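The values are calculated or read from the model by the stated rules, or taken from the named source; none is laboratory data. Bear in mind the structure is a predicted one, so any value in this text is a computation, not a measurement. All Cβ positions, even for glycine, are placed from backbone atoms using ideal geometry, and neighbour counts span all protein chains on display.
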Amino acid sequence: MQSLMKQPACSVQARVGTTNGRRVLAVHAQAASSPAIESISGVRPEVVEAIATARHNCLTATNLPLPNRRQGKVRDTYDLGERVVIVTTDRQSAFDRLLASVPFKGQVLNQTAAWWFQQTAHIIPSALLSLPDPNVAVMQKCKVFPVEFVCRGFMTGSTDTSLWTHYKAGARQYCGNSFPDGMRKNDRLAANVITPTTKAEDHDVPISPKEIVEEGLMTQEDWDTVSAAALKIFAFGQAEAAKRGLLLVDTKYEFGKDAEGNIRIIDEVHTPDSSRYWLADTYAARHAAGLEPENIDKEFLRLWFRQRCDPYKDAVLPEAPAELVCELSKRYVYLYERITGQVFQVPDLDKAINDRIVANLQKAGLC
Ligand SMILES: Nc1ncnc2c1ncn2[C@@H]1O[C@H](COP(=O)(O)OP(=O)(O)OP(=O)(O)O)[C@@H](O)[C@H]1O
Ligand SMILES: [Mg+2]
């Protein structure tokens with residue numbers, strides 16, 4: 001699922017705001033050839049400097065001395081039998097291809113997910129065993145349910161599987177949920193819902209709980225357990241996000257069964273890639289005025305490509321400008337700190353990132 005990205009401003013405007021004690025300067029200056037670029041402040045100068053240094057030391061591909069590598073969109077997994085080593089890379093994909101590598105993105109996703117796995121352990125255990133490196137998680141290998149548990153608190157989205165896309169087209173029933181007439185885009189739902197999709201190779205297909213059971217994707221008992229846990233984790237995430245001035249709008253979870261048959265949450269939780277966050281303090285006023293909610297926008301890189309080439313068809317894509325890649329990196333770090341309340345730790349930049357990972361895996365006795 002894609003997180004919602006703000007559309008670019010069509011005129012030049014500057015805005016200075018304060019969000020959760022941090023000053024955010026947003027400058028939209030869209031000429032015909034350049035997308036809106038919002039420069040976020042609130043990231044420490046030493047991190048900004050480290051981002052520039054790390055730009056040439058990103059984790060785009062891995063080739064670790066471990067067996068059974070499988071490359072996902074963002075993660076490379078190595079299957080060790082009872083355990084999996086999951087390396088979250090810096091890959092930034094869109095249009096089904098790699099657009100750029102973003103310094104520290106993999107670390108941010110890995111550490112954000114780990115933080116949430118710990119926070120939600122009282123609801124359902126995760127498969128996480130250890131973090132031997134900022135970019136690496138060791139997990140219990142689970143048999144993954146072939147369903148993505150999409151949880152939503154708002155009527156929004158713009159992709160084919162979004163709730164708003166279906167509602168706008170007239171649907172009042174979606175994935176086993178009913179919605180009343182008269183709702184507007186970005187309205188808060190009367191209650192959180194799950195709109196599951198099948199976990200298909202190329203694209204995710206909406207499905208109802210009834211179909212999930214009828215088609216044998218999950219037993220009724222497993223569905224009941226997992227859907228209840230998903231809604232609890234989501235409600236917990238919303239409450240935690242609210243403490244930091246954020247609305248957790250929607251997200252998706254994956255679950256699986258470990259070797260003993262225990263259900264565990266896997267993959268990632270409430271990361272900026274799997275979740276949509278809006279800024280809470282401006283939501284009501286903007287929504288009332290018919291404006292899109294504010295978020296920490298990550299759409300500008302996709303727009304930059306769309307304005308310059310056909311990213312679906314062109315064999316070779318232009319290289320993303322360093323300025324945009326570094327801005328994106330800053331936003332990931334900002335989101336990590338904002339979401340988790342933790343201070344981002346700049347990793348050791350003296351070693352090539354792949355070498356650092358191998359050294360850390362060796363230290364942990366994994367290779
Ligand atoms: N504990 C686990 N046991 C088994 N498989 C896991 C575990 N944790 C994650 N995985 C699998 O590892 C893969 C991670 O890949 P990645 O997150 O890059 O892509 P994806 O999950 O296929 O796509 P997306 O996250 O964009 O929907 C996923 O297939 C996920 O199901
Ligand atoms: Mg995933």
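Data overview
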quantity	calculated
Single match in Asn262, Asn186 (criterion: polar (S, T, N, Q), away from ligand 2 (no atom under 15 Å from the Cβ) and on the phi < 0 side of the Ramachandran plot)	Asn262
Of residues in region 86-111 being of a type in the set (Val, Ile, Thr) and away from ligand 2 (no atom under 13 Å from the Cβ), the one nearest to the chain's Cα centre (by Cα)	Val108
Residue count, region 45-70 (criterion: assigned to a loop (DSSP other than H, G, I, E, B), closer than 23 Å to Leu324 by Cβ and hydrophobic (A, V, I, L, M, F, W, C))	3
Among (1) modelled with pLDDT under 95; (2) touching an Asp or Glu at 6+ places or on another chain (Cβ under 9 Å) - the single one Leu217 does not satisfy	(1)
Count of region 71-90 residues which are in a strand (DSSP E or B) and either within 6 Å of ligand 1 (Cβ to nearest atom) or aromatic (Phe, Trp, Tyr) (or both)	5
Options Lys185, Lys210: the member that is part of a helix (DSSP H, G or I), basic (Lys, Arg) and surrounded by 12 or more Cβ atoms within 10 Å (Cβ to Cβ)	Lys210
Candidates Ser93, Ser130, Ser41, filtered to the one that is surrounded by fewer than 20 Cβ atoms within 10 Å (Cβ to Cβ), modelled with pLDDT under 95 and part of a strand (DSSP E or B)	Ser93
One residue from Gly365, Gly341 being within 25 Å of the chain's Cα centre (by Cα) and on the phi > 0 side of the Ramachandran plot	Gly341
Residue tally, condition among the β-branched types (Val, Ile, Thr) and at pLDDT below 95, over region 264-305	1
Cβ pairs under 7 Å, 6+ apart, first in region 68-85 and on the phi < 0 side of the Ramachandran plot and within 12 Å of ligand 2 (Cβ to nearest atom), second assigned to a loop (DSSP other than H, G, I, E, B) and of a type outside the set (S, T, N, Q)	Val74/Asp273
Matching residues in region 224-282 - criterion: being within 16 Å of ligand 1 (Cβ to nearest atom) and among the small types (Gly, Ala, Ser)	Ala229, Ala230, Gly256, Ala259, Gly261, Ser274, Ser275
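Each row is one residue, and each column tells you yes or no for (1) in contact (Cβ under 8 Å) with a residue 24 or more places away in the chain; (2) within 18 Å of the chain's Cα centre (by Cα); (3) within 16 Å of ligand 2 (Cβ to nearest atom); (4) buried (at least 21 other Cβ atoms within 10 Å of the Cβ).
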| site | (1), (2), (3), (4) |
| --- | --- |
| Asp224 | no, no, no, no |
| Ala228 | no, no, no, no |
| Gly237 | yes, yes, no, yes |
| Gly256 | yes, no, yes, no |
| Asp267 | yes, yes, yes, yes |
| Arg276 | yes, yes, yes, yes |
| Ala280 | yes, no, no, no |
| Leu291 | no, no, no, no |
| Lys298 | yes, yes, no, yes |
